[in-house]
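Undergrad: My questions will all concern the structure given below.
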Amino acid sequence: MFDKSIYTARRQKLKQQVGTGLILLLGNEDSSINFKDNHYPFRQDSSFLYFFGLDRPGLAGVIDIDNDREILFGRDPSLDDIIWIGQQPSLVTHADSVGVSETQPADKLGAFLQYSGVKSQAIHFLPPYRPENILKLSAWLGTAPSLLKERSSISLIKAIVTQRSIKSPEEITAIEEAVNITAAMHSAAIRGAREGMTEAELAGVLHGIAVSAGGNLSFATILTVNGQVLHNHYGSHALEAGRMVLCDCGAENALHYAGDMTRTFPVAPKFNSLQKEMYGIVLSAHAAISLGTLAGGWRIIHTMGAKITKLQPVGGFAAETGAAIAIFTATHFGIPVSTTHAITGSIVGVGATRRLLQRVHYLEGFPRVCAWCHHICFKSRWVRLEEFLNREFDTPTTHGICPSCAEKQKATFQEARQTANDRRSRGDQPAAGAAMSEP
């Protein structure tokens, strides 16, 4: 762990970025393999680690911005815990180690969130990815599991991305440590690859290096002689002379900062002539890309990736596929074409399509809603929401006032009440059609 002042400063900055409401950061639970007490290796949620630093299961952090409170929810070690894994620090001790002064039992978190909801306090949370956290959030917030991602806080996501994108000196040191462990894994793979051994044997050596360095693998190792298959994990294939081995592996250190490298090397101490030729081509391409980026090519990359339009994975896939089809077709017919122009046109097309689809949404069984003025198409006429409700359901549209509008109109209400009181003190009768004041 880092010093407690680092975690305190991170949380303070997060409060300033989000501004108001209640921030919920869920830690992860132990996940069972084949029965309850046989667990997978525990991995804490990265955002919880960043702001609360505690690498143990069953914790949750709450940052109440409006009331300036920080609370760690969890449980103290039970007698069974002490028998099986030894004496453990208390919840209060853990909280103090990261600068949090208030703790509460884990089973009180649901009631705490529900009470905040009753007070109309916004609850900010990240999209959950662990099944147990999805179910807990669904029960606490009264929201279907399928809708939790939609209800997650965009402002919290942006604030965390902004803060975590800039690495502090101590983080850079931790990253370099993880990268050095990863480099040692690759060096061992290159030295250890020999004809007759299996992919699994070599992958086991790499796993041992990561664990012995105090951490673990940062992801499942990809180690294969069939590198043409994407994400082909290690298996029982034997390494053969003349073949190449693709190794994509990485290590996490004890603080969960990670390395990730990919290398291709021969099943022999040296490249043969064909392998050396191909490797030279790839190395030259890497050098050209590096020099181009150094000379200003990064501006083009940034423009293509972020300034033309914001690409989601499906949009990026569509753009790349469209550009590839255009290039292959033009090449087949001998037509000169610029690859840059092809991919630029595809990206522009994806962005234009996305913006067009955002304008009009057709839902079967629902009336159409204009994307600009929010009028509703009712019996071939575009009408306001109030008119639609009155005509279709014969119901008025005023059923109270929301807290936000009440705050904005507070001065108006006070002025109206004062006017009514003045009239009552003078014995005036209210004007025709005016609402009677309270007795």
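The values are calculated or read from the model by the stated rules, or taken from the named source; none is laboratory data. Not measured: the values here are computed from a predicted model. Glycine also receives a Cβ, built like all others from the backbone with ideal geometry; neighbour counts cover every protein chain displayed.
Undergrad: Enumerate the strands (runs of 3 or more DSSP E) found wholly within region 203-300, keeping only those where 2 or more residues are out of contact with any Asp or Glu (no Cβ under 6 Å at 6 or more places or on another chain).
TA: Per the criteria, 244-249, 261-266.
Undergrad: The conditions are (1) surrounded by 13 or more Cβ atoms within 10 Å (Cβ to Cβ); (2) farther than 18 Å from His233 by Cα; (3) at pLDDT 95 or above, and Ser187 fails exactly one of them. Which is it?
TA: The number of the failed condition is (1).
Undergrad: While we're here: Taking into account only those residues within region 325-343 that are of a type in the set (A, V, I, L, M, F, W, C) and within 22 Å of His302 (Cβ to Cβ), which is modelled with the lowest pLDDT?
TA: Here the answer is Ile343.
Undergrad: Every residue in region 288-301 that is surrounded by 10 or more Cβ atoms within 10 Å (Cβ to Cβ) and not basic (Lys, Arg), please.
TA: Ala288, Ile289, Ser290, Leu291, Gly292, Thr293, Gly297, Trp298, Ile300, Ile301
Undergrad: Next up: Quickly run through region 151-168 and pick out the residues that are exposed (fewer than 12 other Cβ atoms within 10 Å of the Cβ) and not polar (S, T, N, Q).
TA: The answer is Ile154, Val161, Ile166.
Undergrad: Now for a separate question. Could you check, for region 31-39, whether at least one of its residues is surrounded by 13 or more Cβ atoms within 10 Å (Cβ to Cβ), at pLDDT below 95, closer than 26 Å to Ile85 by Cβ and within 22 Å of the chain's Cα centre (by Cα)?
TA: yes
Undergrad: Evaluate the following for Ala174: is it under 18 Å from Glu252 (Cα atoms), of a type in the set (Gly, Ala, Ser), in contact with a helix residue (DSSP H, G or I) (Cβ under 6 Å, 6 or more places away or on another chain) and surrounded by 14 or more Cβ atoms within 10 Å (Cβ to Cβ)?
TA: Considered against the rule, which asks whether it is under 18 Å from Glu252 (Cα atoms), of a type in the set (Gly, Ala, Ser), in contact with a helix residue (DSSP H, G or I) (Cβ under 6 Å, 6 or more places away or on another chain) and surrounded by 14 or more Cβ atoms within 10 Å (Cβ to Cβ), Ala174 comes out as no.
Undergrad: Moving on. Which of the residues that make up region 58-71 are surrounded by fewer than 16 Cβ atoms within 10 Å (Cβ to Cβ) and in a loop (DSSP other than H, G, I, E, B)?
TA: Gly58, Asp66, Asn67, Asp68 - these are the residues of region 58-71 that are surrounded by fewer than 16 Cβ atoms within 10 Å (Cβ to Cβ) and in a loop (DSSP other than H, G, I, E, B).
Undergrad: If you don't mind, there's one more thing I want to ask. Given (1) of a type in the set (Ser, Thr, Tyr); (2) under 30 Å from the mean Cα position of the chain (by Cα); (3) closer than 30 Å to Arg243 by Cβ; (4) surrounded by 14 or more Cβ atoms within 10 Å (Cβ to Cβ), where does Thr344 come up short, assuming only one miss?
TA: It fails just one condition, (3).
Undergrad: Exactly one of these conditions fails for Ser101: (1) closer than 25 Å to Pro128 by Cβ; (2) without any contact (Cβ under 8 Å) to a residue 40 or more places away in the chain; (3) of a type in the set (Ser, Thr, Tyr). Give me its number.
TA: Exception for Ser101: condition (1).
Undergrad: If you don't mind, another one. Answer with yes or no whether Ile181 is assigned to a helix (DSSP H, G or I), modelled with pLDDT of 95 or more, of a type in the set (Val, Ile, Thr) and not assigned by TED's automatic domain parsing to the domain that holds Leu24.
TA: So Ile181 fits the description; yes.
Undergrad: Give the residues of region 217-269 that are touching a Lys or Arg at 6+ places or on another chain (Cβ under 6 Å) and touching a residue at least 60 places away in the same chain (Cβ under 8 Å), sorted by residue number.
TA: Cys247, Val267 - these are the residues of region 217-269 that are touching a Lys or Arg at 6+ places or on another chain (Cβ under 6 Å) and touching a residue at least 60 places away in the same chain (Cβ under 8 Å).
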